[in-house]
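The values are calculated or read from the model by the stated rules, or taken from the named source; none is laboratory data. Bear in mind the structure is a predicted one, so any value in this text is a computation, not a measurement. Neighbour counts run over all protein chains shown; Cβ positions are idealised from the backbone, glycine included. In case anyone asks, the SASA skips ligands and DNA or RNA and just uses the protein heavy atoms, side chains included. Shrake-Rupley method; radii C 1.70, N 1.55, O 1.52, S 1.80 Å.
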Amino acid sequence: MKQLKLVSTVLMVALLLVLSACGTSKSTSGTKTTGGDTEKKTLRVVTDAAYAPFEYQDKGEVVGFDIDFINAVAKEAGYKIKVEHVGWDPIFVELDKKIADIGISSITINDERKQSYDFSVPYFLSTNKILVPKDSDIKSAADLKNNKTIAVQNATTGQEAVEGLLGKNSDKIKKFENNNLAILELKGGGADAVVADNTVIEEYVKNNPKDNFVVIEDSAAFAKEFYGLMFPKGSKIKADFDKAVKAVIDNGTYAEVYKKWFKVEPDTQILKDQQ
Ligand code: ARG
């Protein structure tokens, strides 16, 4: 009897050892299993923090709507994240090399990018608009073709939209590494207009009344765009983040973050319609 008990105890211990070994060997795709509790590795999130109010630097810290949003989403998904400003082009490079796990930077979901990256469900509606001095004779997108010089951030949908009007190789399009430099060019008189995401140039006008700039809308010329989180192609965390984006939109967290930055209620239906 005693011996039987000993044998069964030995068997139990062996079984436990096998089970716990199974647990630790499952540590692929961002999940580390340590002694039973699942602990996820800290994800590297990259951004171009020169695009207020979505992502910008304040006293050396990266802040903005996107930053609050990704923090809420990561929390919902159960991941720790570290957001780092790397610049616009490096976001794409780092995701290509899989050095980064997520890009968040007011990134428009489009077919061209979808060939190389995965996107979350949409989290923000945007469109390009035109920033000009108050006394400008530019009143619509078509006016940009009247021998005007236009400043854009390189490799953005703003650049693409202007190329659609002026031609891909037009020397009238000045491309900058970030959008703040494009606006500086306009300020200095080196360009007649900037084309960029509406919220960003509207925020600029609001914060810089002395510049005497206005924003021109042309919804016939510039399409509706949606921002998404961008992942390396085949990312294993995308599904978790899709679920979490939907959850924060549904549970009111999205609206809280939105109201903090934009002072109005978001239209979440337009986002849900895209899911
Ligand atoms: N939405 C535009 C695009 O995806 C511009 C985004 C620029 N973002 C930034 N943080 N500079 O091309």
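Please give the contour-minus-distance gain from Ser116 to Lys41: 0.36 nm per residue of separation, less the Cα-Cα distance, rounded to one decimal in nm.
Extra length from Ser116 to Lys41 when fully extended: 24.6 nm.
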For the range 45-87, what proportion of DSSP beta bridges, expressed in % and rounded to the nearest 5, is antiparallel? 60
Under 13 Å from the Cβ of Ile173, count the other residues' Cβ atoms, weight Lys and Arg +1, Asp and Glu -1, and hand me the total. +1
Is any residue of the range 59-74 close enough, with backbone N under 19 Å, to a label point placed 7 angstrom from the Cα of Lys82 along the Cα-Cβ axis, and if so, which? 60-63, 67-68, 70-72, 74
Leaving ligands, DNA and RNA out of it, report the carbon-plus-sulfur percent of the accessible area of the chain at a 1.4 Å probe. 52
Kindly provide the Kirkwood hydrodynamic radius of the range 126-224 in Å, to one decimal, from all pairs of distinct alpha carbon atoms. 13.0
Gaussian network model of the chain, Cα springs within a sub-10 Å range: biggest mean-square fluctuation belongs to which of Gly87, Gly60, Gly78? Gly60
Kindly rank 174-187, 108-121, 250-263 from highest to lowest mean number of other beta carbons found within 10 Å of each residue. 174-187, 108-121, 250-263
Give the separation of the Cα centroids, the range 226-268 to the range 92-142, in Å. 16
Over the chain, average the accessible area per residue using a 1.4 Å probe and give it in Å², no decimals. 53
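If r is the Cβ-Cβ distance from Gln274 to Glu163 and R0 is 35 Å, what FRET efficiency results, to the nearest 0.05?
0.85
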Rounded to two decimals, the Debye log10 I(q)/I(0) of the chain (Cα scatterers, no solvent) at q = 0.09, 0.11 Å⁻¹ is -0.49, -0.67
List, in order, the whole-Hz ³J(HN,Hα) value for each residue of the range 213-223 obtained from phi through the Karplus relation with A = 6.51, B = -1.76, C = 1.60 and θ = phi - 60°; use x for Gly and Pro. 9, 10, 10, 10, 9, 8, 6, 6, 8, 10, 6
How large is the dipole of the chain about the Cα centre if only Lys and Arg carry +1 and Asp and Glu carry -1, each at its Cβ, rounded to the nearest 20 debye? 1300
Dipole size in debye (nearest 20) for the range 216-275 around its Cα centre, Lys and Arg Cβ +1, Asp and Glu Cβ -1? 360
Where does each of 220-227, 122-129 land if you order them by average Cβ count within 10 Å, highest first? 122-129, 220-227
